[in-house]
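Right, one structure below, let's go through it.
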Amino acid sequence: MLILAFDTSSPVLTAAIGDEERLIEETMIWLPRGHMAKLIPVIDGLLQRSGLKIGDVEAVVIGSGPGSYTGLRIGMVVARTFAQLLKTPIIGIPSADAIAYQNVRDRGLICPVIDAKRGEVYTALYHSEAGKIDRFTEFRAITPDELTEIFLVEGYEHIVFAGDAVKLYAGIFAGSLGDRAEFAPENSWWARASDLINLARPRLSAGDFDELYRLTPIYVRLSQAEEMWEKRHQG
């Protein structure tokens with residue numbers, strides 16, 4: 001089964017082609033803006049370099065967030081359009097899961113921290129053991145201080161932080177947690193399309209696909225514009 005995967009939730013646009021056993025081709029480009037204009041050409045280039053065409057794709061995997069509202073919407077629309085036109089299965093894999101997977105350890109806790117603006121991070125917590133991850137919390141938007149307090153109260157001994165918010169809040173985490181905090185290198189802060197494929201393979205093998213019109217991005221909270229609209233129309 002030929003799998004096309006991509007993620008537009010962050011400033012790094014990533015796309016990959018793979019099958020049940022191997023990665024065929026992957027690309028990652030720094031793209032703070034312009035996902036709409038660049039995504040299709042990036043996928044087209046990926047297929048051409050692989051000697052493939054879009055009609056060869058047999059499954060679509062999309063990074064579903066949380067992350068950039070605009071980026072998530074663009075990626076989801078393109079993924080659903082491909083799946084509909086090609087009549088292929090579609091699977092949404094949380095982008096945060098892919099970040100955690102990329103930073104798996106023999107054991108311990110992994111905490112993706114994605115910049116959510118407004119002084120908050122998007123996060124969830126993952127157990128890491130034997131090369132696998134297990135997400136055991138819901139996704140949430142939370143301040144770095146509130147997140148640190150959770151770790152202190154729960155008494156976690158070792159936490160690996162990974163994500164673009166490390167650059168913003170590493171000082172807060174390190175100041176409160178000391179050597180219990182480990183910070184992943186910058187090249188592993190972003191979801192990779194190859195890891196989306198890795199995470200999707202068990203679901204593809206089991207036939208556990210998402211319903212095309214029910215698959216939506218993981219927003220966690222309303223956008224600022226939506227919050228302002230709700231406030232204006234309350235009552």
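Name the pairs whose Cβ atoms lie under 6 Å apart, with the first residue in segment 169-183 and farther than 19 Å from Asp115 by Cα, the second part of a helix (DSSP H, G or I) and among the polar types (S, T, N, Q), and 6 or more positions between them or separate chains?
Ser176/Thr148
Here are Ala98, Ala130: which of them is under 25 Å from Leu72 (Cα atoms) and touching a residue at least 24 places away in the same chain (Cβ under 8 Å)?
Ala98
What number of residues within segment 1-53 are modelled with pLDDT under 95 and small (Gly, Ala, Ser)?
Going through segment 1-53 one residue at a time, the tally reaches 2.
Residues that are surrounded by fewer than 18 Cβ atoms within 10 Å (Cβ to Cβ) and modelled with pLDDT under 95: does segment 199-217 have at least one?
Yes: segment 199-217 contains one or more residues that are surrounded by fewer than 18 Cβ atoms within 10 Å (Cβ to Cβ) and modelled with pLDDT under 95.
Within the group Phe151, Phe173, Phe136, which residue is outside the structural domain of Trp30 (by TED's automatic domain parsing), out of contact with any helix residue (DSSP H, G or I) (no Cβ under 9 Å at 6 or more places or on another chain) and aromatic (Phe, Trp, Tyr)?
On the way: Phe151 fails: out of contact with any helix residue (DSSP H, G or I) (no Cβ under 9 Å at 6 or more places or on another chain); Phe173 fails: out of contact with any helix residue (DSSP H, G or I) (no Cβ under 9 Å at 6 or more places or on another chain).
Matching residue, one of Phe151, Phe173, Phe136: Phe136.
Cβ-Cβ distance below 8 Å, separation of 6 or more or different chains: which pairs start in segment 138-163 with a residue that is at pLDDT 95 or above and end on one that is part of a loop (DSSP other than H, G, I, E, B) and among the polar types (S, T, N, Q)?
If the second residue must be part of a loop (DSSP other than H, G, I, E, B) and among the polar types (S, T, N, Q), the pairs left are Val160/Asn103; Ala162/Asn103.
The values are calculated or read from the model by the stated rules, or taken from the named source; none is laboratory data. All values derive from a computational prediction rather than experimental measurement. No Cβ is skipped: glycine too gets one built from the backbone with ideal geometry, and neighbour counts run over all protein chains shown.
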